[in-house]
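Worksheet: one structure, shown below.
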């Protein structure tokens, strides 16, 4: 798609959005229900499309892509009306008793969504649904590695009988997408039309580039970026559950999950026991049954370089699935790899390793474990594994991550009601849940004066000594000691009647 063609899409989207936003929520919800009907009728076809584009195992595609989408549509259809309902803001002080405030919401207009290749169906699906239910138009671009999934999503939303131009699927090179979606400011000329808000999921480096492009327009962004997640295994953890859960969270989707486990921090008293059980599970992973291929050869080669750097710096391979390492140049198949003797400075500790690799690190106690977990520029998700839920919840509140799970990991992205997003280099804003839905709308405050017959507020012109004395009395009433508050009452009452003076 050329820039001029993209501009025409934006124009059509704006026209369609005005019609769409004027519809009652119930009508928008019923249209989106048709997309759900299409999804339910094409589950196997959609699953196969995801597998063809990504190399995912059938179970991974079904459980982590199709099922979460079905649950998300049902959730947002049911909850969207309540999320968008005007809300009264409770008064902050009795002295402003005459002011009534409420929050109302309106759609941004045209929302842009740029989605990645690792979860090409589930990630954009929820964002598209929320944007449309909130009354926006959507312009959607998927990674060039997942074009068949993009076209499948286009067919599904076409089945919703939306106004022409309301949902537009575009295909363009990644280098052109950022400038096209963001556009340029109008001064001194008419500028280049762009979207009104952009949602991007991808690498931290690309997220920074988009922020730079968006700055001249002050375009609002939601960025869901990378992670190098930590899992803390306490001494009182159920070691079998921890090993099994972390193995799945580290190696499902061939480790190509921004919220997958990368750093496993284990209490030193449990370290060898955990490592033995964890490594046994990893050695038992079956290629093509438990562990799928990586999505591209380039991604596999990058992960291999990161692992080799770790090994040169002193790390050791504790276990891997199968005999092969990463040397098979003509296939995207890669083993699951467990590293031990890792330390700060290694890629496994400092970078996002977007592949089936995890490092296991001992820690003397909870404080050391927290220090290791928080010593990262990323803060997407994390987990605590412990039988002591009270202690686990306490530790969870101290981890620098946007999502922390207890005795589980990674799966919270599949909970439509649970906000998703991170701290630091892991992004800005939230997707999913009510906070994610609210990212699709602008908030407006309406303040109404309910006092009848009022001519002026007490602090309006003309100023006078009486006004000054009255405002000073109000200050004493709000912040003074008990005696000052009582003494201020007569002065407040005198200025109060100014409301009705012409």
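Here is a yes/no grid of residues against (1) touching a helix residue (DSSP H, G or I) at 6+ places or on another chain (Cβ under 7 Å); (2) in the same structural domain as residue 390 (by TED's automatic domain parsing):
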{"residue": "169", "(1), (2)": "yes, no"}
{"residue": "175", "(1), (2)": "no, no"}
{"residue": "195", "(1), (2)": "yes, no"}
{"residue": "205", "(1), (2)": "no, no"}
{"residue": "217", "(1), (2)": "yes, no"}
{"residue": "244", "(1), (2)": "yes, yes"}
{"residue": "251", "(1), (2)": "no, yes"}
{"residue": "260", "(1), (2)": "yes, yes"}
{"residue": "271", "(1), (2)": "no, yes"}
Subject >> Residue count for the range 324-359, restricted to those that are modelled with pLDDT of 95 or more and within 19 Å of residue 57 (Cβ to Cβ) >> reply: 7
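Here is a yes/no grid of residues against (1) crowded, with 22+ Cβ neighbours inside 10 Å; (2) closer than 21 Å to residue 69 by Cα:
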position	(1), (2)
156	yes, yes
197	yes, no
205	no, no
216	no, no
228	yes, no
Subject >> Residues that are at negative phi and outside any strand (DSSP E or B), drawn from the range 99-114 >> reply: 108
Subject >> Top-ranked residue of the range 278-323 - restricted to ones that are in contact with a helix residue (DSSP H, G or I) (Cβ under 7 Å, 6 or more places away or on another chain) and surrounded by fewer than 17 Cβ atoms within 10 Å (Cβ to Cβ), ranked as modelled with the highest pLDDT >> reply: 309
**OP:** Residues being touching a residue at least 40 places away in the same chain (Cβ under 8 Å) and under 11 Å from residue 69 (Cβ atoms): count how many of those fall in the range 128-154.
**Re:** 1
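Residues are listed down the side, and each one gets a yes or a no for (1) surrounded by fewer than 23 Cβ atoms within 10 Å (Cβ to Cβ); (2) within 24 Å of residue 276 (Cβ to Cβ); (3) modelled with pLDDT under 95:
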{"position": "366", "(1), (2), (3)": "yes, yes, no"}
{"position": "376", "(1), (2), (3)": "no, no, no"}
{"position": "411", "(1), (2), (3)": "yes, no, yes"}
{"position": "418", "(1), (2), (3)": "yes, no, no"}
Subject >> Of residues in the range 96-109 being surrounded by 14 or more Cβ atoms within 10 Å (Cβ to Cβ) and over 30 Å from residue 138 (Cβ atoms), the one farthest from the chain's Cα centre (by Cα) >> reply: 98
**OP:** Please specify each residue of the range 432-459 satisfying the condition of being buried (at least 16 other Cβ atoms within 10 Å of the Cβ) and modelled with pLDDT under 95.
**Re:** 458
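Sort through 371, 402, 422, 427 and tell me the only one that's surrounded by fewer than 21 Cβ atoms within 10 Å (Cβ to Cβ) and at pLDDT 95 or above.
Working: 402 fails: surrounded by fewer than 21 Cβ atoms within 10 Å (Cβ to Cβ); 422 fails: surrounded by fewer than 21 Cβ atoms within 10 Å (Cβ to Cβ); 427 fails: surrounded by fewer than 21 Cβ atoms within 10 Å (Cβ to Cβ).
The match here is 371.
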**OP:** Count, please, the residues in the range 115-154 that happen to be crowded, with 24+ Cβ neighbours inside 10 Å and in a strand (DSSP E or B).
**Re:** 6
**OP:** Hey, can you tell me all the residues within the range 238-264 that are buried (at least 23 other Cβ atoms within 10 Å of the Cβ) and closer than 17 Å to residue 363 by Cβ?
**Re:** 242, 243, 246, 261, 262, 263, 264
Original post:
Given the structure, is residue 82 over 16 Å from residue 155 (Cβ atoms) and either buried (at least 19 other Cβ atoms within 10 Å of the Cβ) or modelled with pLDDT of 95 or more (or both)?
Top reply: yes
Original post:
Is it the case that residue 136 is in contact with a strand residue (DSSP E or B) (Cβ under 6 Å, 6 or more places away or on another chain) and at pLDDT below 95?
Top reply: no
Original post:
How many residues does the range 468-487 contain that are assigned to a helix (DSSP H, G or I) and over 14 Å from residue 96 (Cα atoms)?
Top reply: 13
Original post:
Counting residues that are more than 27 Å from residue 178 (Cβ to Cβ), which helices (runs of 4 or more DSSP H) fully inside the range 1-88 reach at least 3?
Top reply: 25-41, 43-54, 58-61, 67-84
Subject >> Condition met for residue 275 (in contact with a strand residue (DSSP E or B) (Cβ under 6 Å, 6 or more places away or on another chain), assigned to a loop (DSSP other than H, G, I, E, B) and surrounded by fewer than 21 Cβ atoms within 10 Å (Cβ to Cβ)) >> reply: no
Original post:
Looking at 59, 73, which one is under 28 Å from residue 260 (Cα atoms), surrounded by fewer than 21 Cβ atoms within 10 Å (Cβ to Cβ) and either under 24 Å from the mean Cα position of the chain (by Cα) or free of Cβ contacts under 8 Å to residues at least 40 places away in the same chain (or both)?
Top reply: 59
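The values are calculated or read from the model by the stated rules, or taken from the named source; none is laboratory data. A quick note: this is a predicted structure, and the numbers were derived from the prediction, not measured. Here Cβ is always computed from backbone atoms with ideal geometry, including for glycine, and neighbour counts include all displayed protein chains.
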